[in-house]
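Single-structure report; data block below.
The values are calculated or read from the model by the stated rules, or taken from the named source; none is laboratory data. On a predicted model such as this, the values are computed, not experimentally measured, just so you know. Counting neighbours? That spans all protein chains shown, and the Cβs are built from the backbone with ideal geometry, glycine included.
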6 protein chains.
Amino acid sequence: MADALRPIEITRNFTKHAEGSVLMACGDTKVLCTASIEEKVPPFLRGAGKGWVTAEYSMLPRATQDRMQRESAKGKISGRTHEIQRLIGRSLRAAVDLQALGERTIWVDCDVLQADGGTRTASITGACLAVADALQTLRKNGKVQGNPLRDWVAAISVGMYQGQAVLDLDYAEDSHAEVDMNVVMTGAGAFVEVQGTAEGAVFSDQEMAAMLALARQGIRDLIARQREEIPEALP
Amino acid sequence: MADALRPIEITRNFTKHAEGSVLMACGDTKVLCTASIEEKVPPFLRGAGKGWVTAEYSMLPRATQDRMQRESAKGKISGRTHEIQRLIGRSLRAAVDLQALGERTIWVDCDVLQADGGTRTASITGACLAVADALQTLRKNGKVQGNPLRDWVAAISVGMYQGQAVLDLDYAEDSHAEVDMNVVMTGAGAFVEVQGTAEGAVFSDQEMAAMLALARQGIRDLIARQREEIPEALP
Amino acid sequence: MADALRPIEITRNFTKHAEGSVLMACGDTKVLCTASIEEKVPPFLRGAGKGWVTAEYSMLPRATQDRMQRESAKGKISGRTHEIQRLIGRSLRAAVDLQALGERTIWVDCDVLQADGGTRTASITGACLAVADALQTLRKNGKVQGNPLRDWVAAISVGMYQGQAVLDLDYAEDSHAEVDMNVVMTGAGAFVEVQGTAEGAVFSDQEMAAMLALARQGIRDLIARQREEIPEALP
Amino acid sequence: MADALRPIEITRNFTKHAEGSVLMACGDTKVLCTASIEEKVPPFLRGAGKGWVTAEYSMLPRATQDRMQRESAKGKISGRTHEIQRLIGRSLRAAVDLQALGERTIWVDCDVLQADGGTRTASITGACLAVADALQTLRKNGKVQGNPLRDWVAAISVGMYQGQAVLDLDYAEDSHAEVDMNVVMTGAGAFVEVQGTAEGAVFSDQEMAAMLALARQGIRDLIARQREEIPEALP
Amino acid sequence: MADALRPIEITRNFTKHAEGSVLMACGDTKVLCTASIEEKVPPFLRGAGKGWVTAEYSMLPRATQDRMQRESAKGKISGRTHEIQRLIGRSLRAAVDLQALGERTIWVDCDVLQADGGTRTASITGACLAVADALQTLRKNGKVQGNPLRDWVAAISVGMYQGQAVLDLDYAEDSHAEVDMNVVMTGAGAFVEVQGTAEGAVFSDQEMAAMLALARQGIRDLIARQREEIPEALP
Amino acid sequence: MADALRPIEITRNFTKHAEGSVLMACGDTKVLCTASIEEKVPPFLRGAGKGWVTAEYSMLPRATQDRMQRESAKGKISGRTHEIQRLIGRSLRAAVDLQALGERTIWVDCDVLQADGGTRTASITGACLAVADALQTLRKNGKVQGNPLRDWVAAISVGMYQGQAVLDLDYAEDSHAEVDMNVVMTGAGAFVEVQGTAEGAVFSDQEMAAMLALARQGIRDLIARQREEIPEALP
């Protein structure tokens, strides 16, 4: 249905080494999101008394219908990958109180095991859970005071498809959508990012409003799922 | 003023080899935009009977307050550059009828000679003029039938700065803005791209509406300037 | 125990796009092995009337105790990765009749989701199952005549640890072993590869014989598991 | 005419951020030359009590008749670019008293906006003016004692074209010249560099003498122009 | 003959700058092996009170029948080169007492001037002599106490060729061998490395035993030659 | 002596695979120069009915007093290397009649085994002999008509050292020379290249004349040696 999320499946502690490790499935899209704590910050923050959250994103070569060449084999990261990992990083920094985090870095890794549309939004939603788990570890170990998790953050894609606003597009819909919009919001209902893109088309005020309304509703549901998973993360 | 564009200066034919060459100045931001016609298309379009528009963006090392290292010397293109050149390319493809263009590519090069905020939006607005000039050349030479220019496209940045919606931020404003939004629209008043980003902050529906209203007005003015410059491009 | 394999868990069809997709778990080591069919061969084989099998190997950044930098971010593949993917490729070519495969390539991708020693040998054993599944697909589609699977191939690590020959070392054992040997064998009991390495130590004929005996027994068990999983692959 | 310089146009302060910024036009060749002061030296000079001058050179992709691929997109700098930027750096170091400069680096950037032959020599002549402006800034700010500008330096190309020695070749001449020579000299009339190259040809003592005589006269005129522009730089 | 080494020729001090410099010829394979002392260790060993031995390997472009492209021109090192230089490094670390070496690094460079099979094993055997010479220099200069050379190390290739075990394969044999095994042993007769590889074939226990017996005898002869060359290195 | 060449030693057929292979020793500088024939031309010459000569240059890591990092390990070629290999290529193209060569490429490889100043000039002089040998092979095999060798080409360095013009500088002289000039000439006494460089100094007309006179005499001697070596190459 145009206004329904695809089935969500969340598996925490999917791998054992990371401080947070979540396998996030949205329909047939499956992303392994890990959050790793490093006890130092990048050079531009040294001595600033606050922390950082950064993200990397990659697809396994056969996550897709046709096998794609590895970026390590090509020797460089594509523009699309750069764009996505910058988006994930900014989105998660909105969820974290960097002062309360202290001088440490959270490395978020989103590795797409299986792709069927919406990999960047599934990455954000899943990674927020992984970050929440990692922050719980820090709290239990007494490494931070207070709660560095400011709010939940989740993301969803919406689009105009066959003239209609559609929520949570799968790959078949996405590749034929006239407009594609990724929206990131907080539990408090504020925007973190809005990225609407028309490839070979344009969109009106009314279409934008319809897409944003769907996105708002979808994100509300996703954040409800996040709260259920780790209620103690943000009481 | 918060709702005013900075002074615009447009110099066509700034360099002599390119089919379109525009020096676009928006306040102290100066971008040399060229459009080059290549009589072939990328592999994924071969034989499809239509053309392509692609863009590259770069800053001269001392376009900025402090000298930046060249990307050619670093041996790779930054994520920021990738993100911007993908945005410019998509925006200009909205202005061009790729069928009418025929099997050729327009290479758009945006080289920032001097930066003071808004380099990506000045690039789009200036490059649309360079593309229009290049298309005029194709029409005069009888290489295309009809007019491949579908509509004018221009872009502007807006943001939330000290709690207020502000149009066309310069570097000083941009680096302290809570929210930064780049908007690309057509002469017909439709959206091509909306990219709103809150670094370490969030924004509400009301703030988004205020920013979009300012952007709409600024782009209307920019497109009026484009029409004046080359009235024959889109009669 | 020194002469026991760690628990084996095999999940076929772990992802949906690849012709063969196996999650191979050996103790806490978990490797996603996919086999992808491409209907062409590398340049050096064009027109030779036979096929090719090639492999790529990678570890997710937080597959390990400490997060490792991605090779795509570093822009180059390490010597260790090169060594491992060449080993996997050679091993699987021993399992496949390249004439019967015809002019196509099987791309094997081994992505380590969680590492606890023996990732290269788990990759070989799991990838052989993924290849077998992919070859079954080719047979069902009538694309090949006869059976391109010549024999099962599996691999195990053995080593000298605290003066004793040990089978299937986990990470804790492996990092303190005096000698580390990876052995690849066929279902018929022949060697494909023997790679014995002493870092800062040496080993005698007797130690080599003890290690090879353990390896032979471990591989026999692994190949029994392969046969059970896909009995129809090699009747 | 064979023994005449093309028209020279010098625009100082072409951009606002750099300590020295000169748009140098020699005929249709236009190079933006900036000089940037950095308050540190490369590792090999640390603690040596003297400074350094280094240069980078690049052409905008459509500075030329046909669009050239960016070196940042190729991921590496061509041999030609390396050769030119080493030449520019050496030439300008002849103009500067590195002891008097003190422990700082002057980064010279020469970006060709439009090319019509002689881009490397125009770069040297223009960059010397940019360096002179940057040194004036240092003097005004009391950062240096004495005058680090030792002498003016300018450069010109000469060649053998249709059997005749020719001064200041444009692109059409240069691409058909039998011999191409770049000469760099000081205001005192001494050589800094002489690089004579015969591609698919050779040249005699007499031809060399004829070319050097033309070069000497051309450089004298160029240095007269430099003196006029900034007489206070070297009283 | 199948069980004979090719003629060995050892030229010490082939070049003058390196602390050890040996031209090692095995039949028509000629490798220049140098050992260079650097008075520091890699980061992972700093402060550990012991040294390191590392190796690099390369072939001149026309060392081979057909000219090969340089790895510096390709911008990356092949998997084969990585594999070989890791093997050489590990082998030589078995020859050196890293504690006795002290906090310094021996850089071993093996550059193949002419290739006719067995370049990696000739590299190891020759490099051990170069290392022995370099260690003698350290001893004469009183930089080390005791003797950091623990034992001689040499290497040889064996293989199965036309159904028979063969020692020291030249290129013609090697490229048609069914099995190729490189063996590294010490003067005391212990194994350092055993790397047996069957490309498109397999090998039995009996074949492995036959190959190892040949290798053992070949290495005994090579180490006898090493002792003769520098008897004082390991009295 | 300031006006004497260092001792020259020429070893032809130093390696066996290349069509021409010369070990060129000038004093303690030793360069292995090979010429390889490839039966095709670069893309820009296809169908033009003529051939090409191109050169690559490299130093072994321990050719120098201190070990240098390999360019293959750094992943890129330095500016100095680019400059030198372009010089060698241009110089040898002056020696070869590209029409008579026919549609084939001569790859010249100059690998410095031991460096003591003048490596680029020794490379040119030695490579000309290797090219002559390779051309003889083509002539004997009836692959070319006439003689593609137009003239001998040799090179030497001269400089100003302690106020005096000096021929054939070794490393100690070269690193203290005020001016360094590389001269390439033909057997007929014409210039191919003149590259005079003053690092931190300048030079006068008189000094240039003195250096050129020395170079002319040195090259005459070198070409006499070339003629003696292969008199049949250019009867």
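Testing F:Gly102 on (1) modelled with pLDDT of 95 or more; (2) touching a His at 6+ places or on another chain (Cβ under 7 Å), one condition comes back false. Which one is that?
(2)
Within segment F:121-133, track down each residue that is among the aliphatic types (A, V, I, L, M) and more than 11 Å from every other protein chain (Cβ to nearest Cβ).
F:Ala122, F:Ile124, F:Ala127, F:Leu129, F:Val131, F:Ala132
Identify, from the list F:Asp180, F:Asp221, the residue that is under 22 Å from F:Leu87 (Cα atoms), touching a residue at least 60 places away in the same chain (Cβ under 8 Å) and acidic (Asp, Glu).
F:Asp221
If you check E:Glu83 against the conditions, is it touching a residue at least 12 places away in the same chain (Cβ under 8 Å) and either under 19 Å from F:Pro61 (Cβ atoms) or of a type outside the set (Phe, Trp, Tyr) (or both)? Give the steps one after another, and end with the answer.
Numbers: touching a residue at least 12 places away in the same chain (Cβ under 8 Å): no; either under 19 Å from F:Pro61 (Cβ atoms) or of a type outside the set (Phe, Trp, Tyr) (or both): yes.
No; evaluated as a whole, the condition is false for this residue.
Filter segment B:176-210 for residues that are part of a strand (DSSP E or B), of a type in the set (Val, Ile, Thr) and at the interface with chain A (Cβ under 8 Å from one of its Cβ atoms); which is nearest to B:Met160 (Cα to Cα)?
The residue in question is B:Thr197.
Give me a count of the residues in segment A:87-106 that are out of contact with any Lys or Arg (no Cβ under 8 Å at 6 or more places or on another chain) and either free of Cβ contacts under 8 Å to residues at least 24 places away in the same chain or away from chain B (no Cβ under 12 Å) (or both).
Residues flagged as out of contact with any Lys or Arg (no Cβ under 8 Å at 6 or more places or on another chain) and either free of Cβ contacts under 8 Å to residues at least 24 places away in the same chain or away from chain B (no Cβ under 12 Å) (or both) within segment A:87-106 amount to 2.
Answer yes or no: is there a residue in segment C:71-90 that is in contact with a strand residue (DSSP E or B) (Cβ under 9 Å, 6 or more places away or on another chain), closer than 16 Å to C:Ala154 by Cα and in a strand (DSSP E or B).
Scanning segment C:71-90 turns up no residue that is in contact with a strand residue (DSSP E or B) (Cβ under 9 Å, 6 or more places away or on another chain), closer than 16 Å to C:Ala154 by Cα and in a strand (DSSP E or B).
From the list F:Arg139, F:Arg80, pick out the single residue that is modelled with pLDDT under 95 and surrounded by fewer than 19 Cβ atoms within 10 Å (Cβ to Cβ).
F:Arg80
Every residue in segment A:38-57 that is more than 14 Å from chain B (Cβ to nearest Cβ), surrounded by 13 or more Cβ atoms within 10 Å (Cβ to Cβ) and not in a loop (DSSP other than H, G, I, E, B), please. Working first, answer last.
Within segment A:38-57, the first condition is being more than 14 Å from chain B (Cβ to nearest Cβ), and the residues that meet it are A:38-43, A:46-47, A:49.
Among the residues that remain, those that are also surrounded by 13 or more Cβ atoms within 10 Å (Cβ to Cβ) are: A:38, A:41.
If the condition is that a residue be more than 14 Å from chain B (Cβ to nearest Cβ), surrounded by 13 or more Cβ atoms within 10 Å (Cβ to Cβ) and not in a loop (DSSP other than H, G, I, E, B), then A:Glu38 is the only one that fits.
Of the conditions (1) within 22 Å of E:Glu199 (Cβ to Cβ); (2) more than 14 Å from the chain's Cα centre (by Cα); (3) surrounded by 23 or more Cβ atoms within 10 Å (Cβ to Cβ), C:Val153 clears all except one; give me its number.
Against the list (1) within 22 Å of E:Glu199 (Cβ to Cβ); (2) more than 14 Å from the chain's Cα centre (by Cα); (3) surrounded by 23 or more Cβ atoms within 10 Å (Cβ to Cβ), C:Val153 comes up short only on (2).
Determine, yes or no, whether F:Gly118 is surrounded by fewer than 24 Cβ atoms within 10 Å (Cβ to Cβ), among the small types (Gly, Ala, Ser) and more than 14 Å from chain D (Cβ to nearest Cβ). Step through it out loud before you land on a result.
Details: surrounded by fewer than 24 Cβ atoms within 10 Å (Cβ to Cβ): no; among the small types (Gly, Ala, Ser): yes; more than 14 Å from chain D (Cβ to nearest Cβ): yes.
It is false that F:Gly118 is surrounded by fewer than 24 Cβ atoms within 10 Å (Cβ to Cβ), among the small types (Gly, Ala, Ser) and more than 14 Å from chain D (Cβ to nearest Cβ).
Out of B:Gly142, B:Gly126, B:Gly117, I need the residue that is at positive phi and in contact with a strand residue (DSSP E or B) (Cβ under 9 Å, 6 or more places away or on another chain). Which one?
After ruling out the rest, the residue left standing is B:Gly117.
Restricting to segment B:1-37, name every residue that is in a loop (DSSP other than H, G, I, E, B), small (Gly, Ala, Ser) and under 20 Å from D:Ala115 (Cα atoms).
Hit for segment B:1-37 is B:Ala18, nothing else.
Of the conditions (1) within 14 Å of chain A (Cβ to nearest Cβ); (2) outside any loop (DSSP other than H, G, I, E, B); (3) surrounded by fewer than 20 Cβ atoms within 10 Å (Cβ to Cβ), B:Asp66 clears all except one; give me its number.
Condition not satisfied by B:Asp66: (2).
Would you say E:Ala165 is more than 9 Å from chain C (Cβ to nearest Cβ), surrounded by 16 or more Cβ atoms within 10 Å (Cβ to Cβ) and small (Gly, Ala, Ser)? Spell out the reasoning first.
Values: more than 9 Å from chain C (Cβ to nearest Cβ): yes; surrounded by 16 or more Cβ atoms within 10 Å (Cβ to Cβ): yes; small (Gly, Ala, Ser): yes.
So E:Ala165 fits the description; yes.
Which ones in segment D:61-95 are touching an Asp or Glu at 6+ places or on another chain (Cβ under 8 Å) and farther than 17 Å from D:Gly126 by Cα?
Within segment D:61-95, D:Pro61, D:Arg62, D:Arg67, D:Arg70, D:Ser72, D:Ala73, D:Ile77, D:Ser78, D:Gly79, D:Thr81, D:His82, D:Glu83 qualify.
Out of curiosity, is B:Gly20 under 24 Å from B:Ala233 (Cβ atoms) and either among the aliphatic types (A, V, I, L, M) or touching a Leu at 6+ places or on another chain (Cβ under 9 Å) (or both)? Can you show your working first?
Values: under 24 Å from B:Ala233 (Cβ atoms): yes; either among the aliphatic types (A, V, I, L, M) or touching a Leu at 6+ places or on another chain (Cβ under 9 Å) (or both): yes.
Judged against the criteria, B:Gly20 is a match.
Got a sec? Which of B:Asp109, B:Asp28 is surrounded by fewer than 19 Cβ atoms within 10 Å (Cβ to Cβ), touching a residue at least 60 places away in the same chain (Cβ under 8 Å) and facing another protein chain (nearest Cβ under 7 Å)?
Going through B:Asp109, B:Asp28 in turn, the sole match is B:Asp28.
From the list F:Ser78, F:Ser72, exactly one residue is of a type outside the set (Phe, Trp, Tyr) and facing another protein chain (nearest Cβ under 7 Å). Which is it?
Result: F:Ser72 is the single residue among F:Ser78, F:Ser72 that is of a type outside the set (Phe, Trp, Tyr) and facing another protein chain (nearest Cβ under 7 Å).
From (1) within 11 Å of chain C (Cβ to nearest Cβ); (2) under 25 Å from C:Gly189 (Cα atoms); (3) crowded, with 18+ Cβ neighbours inside 10 Å, pick out the condition that doesn't hold for E:Val158.
Every listed condition holds for E:Val158 apart from (1).
Give me the residue from segment F:7-25 that is surrounded by fewer than 18 Cβ atoms within 10 Å (Cβ to Cβ) and among the charged types (D, E, K, R) and, out of that set, nearest to the other protein chains (Cβ to nearest Cβ).
The extreme case among them is F:Lys16.
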